[in-house]
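S.K.: This is the structure I want to talk about, given as structure tokens.
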Amino acid sequence: MCGIVGAVAERDVTPILLEGLKRLEYRGYDSAGVAVLNANGKLERQRAVGKVSMLESGMEQHPLQGHVGIAHTRWATHGKPTESNAHPHICSESVAVVHNGIIENHENLRQQQKTAGYRFTSETDTETVVHQVHHYLEQGKDLLDAVRATVADLEGAYALGVVCTAEPERLIAARLGSPLVIGVGIGEYFIASDVAALLPVTQRFIFLKEGDIADIRRDELTIYDARGKQVERPVRESELTADAAERGNYRHYMQKEIFEQAQAIANTLEGRTSGKRVLEQAFGPGAGEIFDAVQGVHIIACGTSYHAGQIGRYWLESLAGVPCSVEVASEFRYRKQVVRRNSLVVTISQSGETADTLAGLKEAKRLNFGKALTICNVPESSLVRESDLSLMTRAGPEIGVASTKAFTTQLAALMLLVIVLGRRHGMTEQDEARLVEQLESLPRRIEEVLRLDSTIEALAERFADKNHALFLGRGAQYPVAMEGALKLKEISYIHAEAYPAGELKHGPLALVDADMPVIVVAPNNELLEKLKSNLQEVRARGGELIVFADARAEMDSGDGIQILDISPTDDEISPIIFTIPLQLLSYHVALIKGTDVDQPRNLAKSVTVE
């Protein structure tokens with residue numbers, strides 16, 4: 001979630017770097033810093049803990065100016081959020097580095113470098129990178145070759161921006177596992193973690209590929225691929241503008257956030273997988289030791305996050321072989337607990353300030369359940385501060401009260417947790433690689449599902465005169481049905497309930513008639529045939545069925561039944577895929593009902609009171 005900005009220009013780049021950091025604040029961070037090469041070719045640096053505004057205030061007292069510079073917002077993985085751990089890191093007043101990602105072999109590098117006489121001033125893995133670059137410069141290599149040699153020594157994920165006093169008009173960028181873009185100006189170049197940081201200065205971008213290294217000067221750019229061969233990467237024109245309204249071309253924030261989910265999940269996975277493996281250091285310092293002791297998981301959450309936890313339970317038990325319980329936070333603290341030692345207490349929250357969830361965490365800690373991990377979207381939040389480990393979802397700002405991208409990024413984060421715990425409980429390398437591949441396929445598959453938007457918009461007309469709806473799912477799709485019902489009731493004010501499909505005959509079937517639409521999630525898995533039988537029960541009572549089905553499920557539309565085909569979804573991440581059409585349905589029904597989509601009545605985005 002860290003953010004990188006860099007620039008090589010004829011003008012002073014400091015304002016560009018600061019503005020870029022502000023535009024990356026949504027990624028989450030705990031400290032920020034800037035380093036520039038001044039008019040005398042010397043490195044000057046300012047760093048601060050907290051918001052970019054704190055860094056900016058410090059720079060008002062001690063201004064920096066330069067034509068070449070790098071900047072960074074950091075979220076702590078190795079080392080606490082302190083000024084000494086903030087980026088950029090500098091070695092011998094001659095080399096400066098900013099870094100996103102995780103260097104897995106930093107401990108070995110640190111020992112080698114200490115033996116060679118390097119002095120460490122931080123607890124970060126990144127400092128080993130800047131020392132390694134300096135080591136190769138001392139051997140007589142130029143900056144490009146020094147960075148090349150350095151990245152060959154690194155294991156893990158990285159995006160790098162590197163400058164040095166020996167070549168003050170040069171900036172080297174490199175990426176593997178963490179994204180990095182190059183902004184193309186007129187007689188100037190920029191680098192950043194994403195396009196948003198650079199929109200005030202350019203709309204032309206080059207997206208570096210895995211293993212690329214870029215040699216950047218004010219009037220020259222050369223890119224080398226992972227084999228060291230000089231390559232050309234296309235320049236793309238962004239349709240975004242710096243002064244565009246936050247909603248862009250979307251009618252509502254919720255609509256925008258639904259369509260941002262492919263990118264949000266890509267951000268969630270950024271730098272956390274490498275070589276079809278999950279890098280468990282992404283969960284924070286000491287994560288491995290904590291995970292080694294885990295014998296069970298206890299998830300505490302509210303609302304949408306609770307539904308994410310319910311899906312997580314299915315995954316943890318079926319894929320990782322780890323027992324898991326999920327509890328509504330507001331209930332957890334008010335009942336007598338049977339304490340299970342060596343549990344990992346997992347809290348899930350978009351804001352990190354949900355009062356019930358925070359109170360549940362404190363109660364679990366008081367009872368000594370075990371170590372705590374939070375899956376959260378706001379790094380400065382109370383849940384993050386109270387937890388031993390944290391995994392930020394990187395969904396970016398979510399303005400709409402009805403959570404969309406926060407939910408699906410929570411699910412992606414939960415699957416990362418499932419994998420790191422699963423490898424301790426019998427999950428094979430092949431199974432891990434398969435799950436990582438599924439995660440990496442999510443952005444593309446979500447884009448495919450979003451193409452159903454116009455079809456779902458037409459379908460929503462059927463709800464114009466409806467006041468009730470029933471959602472059905474089986475297995476891990478039951479919480480998806482719960483989430484779909486919640487979305488519909490939140491923003492359209494239609495009363496909606498969700499049930500496991502097998503529970504129909506135990507009561508809910510009494511509700512079914514022609515005025516009660518029944519929305520069904522039907523992936524192509526071992527429960528499909530049982531689900532089809534449940535649907536026949538609905539049709540026999542005159543119920544109107546709307547079925548989101550795997551395209552290979554061999555289900556056809558007919559009298560009283562509308563089938564919407566979803567691309568093949570017989571793998572473990574199908575709950576994420578099936579969530580998307582239910583979000584679109586609730587959005588379009590709310591438009592028909594004329595409700596306030598982004599700010600539905602009686603609801604708040606962050607529930608900070610009991």
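The values are calculated or read from the model by the stated rules, or taken from the named source; none is laboratory data. The model shown is predicted, which means the values in this text are computed figures rather than measured ones. No Cβ is skipped: glycine too gets one built from the backbone with ideal geometry, and neighbour counts run over all protein chains shown. Heavy atoms of the whole protein, side chains included, go into the accessibility calculation; ligands, DNA and RNA do not. Shrake-Rupley method; radii C 1.70, N 1.55, O 1.52, S 1.80 Å.
S.K.: If each residue of separation counts as 0.36 nm, what is the full-extension length gain between Glu386 and Arg11 once their alpha-carbon separation is subtracted?
M.R.: Full-extension gain reported as 130.6 nm.
S.K.: A follow-up question, please. Carbon and sulfur together cover what percent of the accessible area of the range 108-173 at a 1.4 Å probe radius?
M.R.: Roughly 41 percent of what the probe reaches on the range 108-173 is carbon or sulfur.
S.K.: If we sort 179-192, 57-70, 225-238 on the protection proxy, mean other Cβ atoms within 10 Å, highest first, what's the order?
M.R.: Answer by packing, highest mean first, reads 179-192, 57-70, 225-238.
S.K.: May I pose another question? Ranked highest first by average number of other Cβ atoms within 10 Å, how do 6-17, 204-215 line up?
M.R.: Result, highest mean Cβ count within 10 Å first: 6-17, 204-215.
S.K.: Can you give the extra length, in nm with one decimal, that the chain gains between Ile399 and Val328 once fully stretched, where that is 0.36 nm per residue apart less the Cα-Cα distance?
M.R.: So the chain would gain 23.2 nm between Ile399 and Val328.
S.K.: Explain nothing, just the number: dipole magnitude of the range 126-183 about its Cα centre with +1 on each Lys and Arg Cβ and -1 on each Asp and Glu Cβ, in debye rounded to the nearest 20.
M.R.: With only Lys, Arg, Asp and Glu charged at Cβ, the dipole is about 180 debye.
S.K.: May I pose another question? I'd like the orientation of helix 14-23 relative to the chain: the angle between its Cα long axis and the longest Cα principal axis, in ° from 0 to 90, rounded to 10.
M.R.: The two axes meet at around 20 degrees.
S.K.: Also, I was wondering about something else. In nm, give the distance between the simple-model label positions of Arg251 and Arg424, each being 7 Å from the Cα along the Cα-to-Cβ direction.
M.R.: Once both label points are built, they end up 4.8 nm from each other.
S.K.: Let me ask something additional. Convert 25 °C to kelvin, take the viscosity as 0.890 mPa s, use the Kirkwood radius over C-alpha pairs of the chain as Rh, and evaluate the Stokes-Einstein diffusion coefficient in µm²/s, rounded to a whole number.
M.R.: Estimated diffusion coefficient is 97 µm²/s.
S.K.: Per the 1.4 Å probe, what fraction of the accessible area of the range 10-87, in percent, lies on carbon and sulfur atoms?
M.R.: Roughly 48 percent of what the probe reaches on the range 10-87 is carbon or sulfur.
S.K.: OK, next. Over the chain, give the accessible area per residue in Å² for a 1.4 Å probe, as an integer.
M.R.: Normalised by residue count, the accessible surface of the chain is 39 Å².
S.K.: By how many nm would the segment from Gln438 to Glu220 grow when fully extended, if each residue of separation counts as 0.36 nm and the alpha-carbon distance is taken off?
M.R.: 74.6 nm
S.K.: I'd like the projected area of the range 365-474, averaged over all directions, using the convex hull of its alpha carbons. Report it in nm² with one decimal.
M.R.: Taking a quarter of the hull surface, the average projection is 11.1 nm².
S.K.: Need one number: nm distance between label points at Ala39 and Asp571, each 7 Å from Cα along Cα→Cβ, rounded to one decimal.
M.R.: Using points 7 Å along Cα→Cβ, the separation is 5.7 nm.
S.K.: Right, next: If the reach is capped at under 23 angstrom between alpha carbons, list the lysines near Lys51, excluding any in the same chain fewer than eight residues apart.
M.R.: List returned: Lys22, Lys80, Lys605.
S.K.: Do you know the relative contact order of the range 152-235, to the nearest whole percent, from alpha carbon pairs under 8 angstrom that are 6+ apart?
M.R.: 25
S.K.: Calculate how steeply helix 52-61 sits against the longest principal axis of the alpha-carbon atoms of the chain, using the helix alpha-carbon long axis, and give the answer as 0 to 90 degrees to the nearest 10.
M.R.: Taking the Cα atoms of the chain, the angle to 52-61 is about 30 degrees.
S.K.: Where does each of 589-597, 86-94, 436-444 land if you order them by average Cβ count within 10 Å, highest first?
M.R.: Per-residue mean Cβ counts within 10 Å order the peptides as 86-94, 589-597, 436-444.
S.K.: Measure nothing fancy, just the Cα-based angle from helix 355-366's long axis to the longest principal axis of the chain, in degrees from 0 to 90, nearest 10.
M.R.: Relative to the chain, helix 355-366 is tipped by roughly 80 degrees.
S.K.: What's the FRET efficiency of Glu448 with Asn602 using the Cβ-Cβ distance as r and R₀ = 35 Å, to the nearest 0.05?
M.R.: 0.50
S.K.: Tally up the carbon and sulfur contribution to the accessible surface of the range 196-319 as a whole percent, 1.4 Å probe, everything protein left in place.
M.R.: 42
S.K.: Take Val339 and Glu155, extend 7 Å from each Cα along the Cα→Cβ direction, and tell me the distance between the two endpoints in nm.
M.R.: So the two model labels end up 3.8 nm from each other.
S.K.: With +1 on each Lys and Arg Cβ and -1 on each Asp and Glu Cβ, how big is the dipole of the range 142-280 about its Cα centre, in debye rounded to the nearest 20?
M.R.: Here the range 142-280 has a charge dipole of around 400 debye.
S.K.: In whole percent, what relative contact order does the chain give with Cα contacts below 8 Å and a gap of six or more residues?
M.R.: Computed over the chain, the figure is 11 percent.
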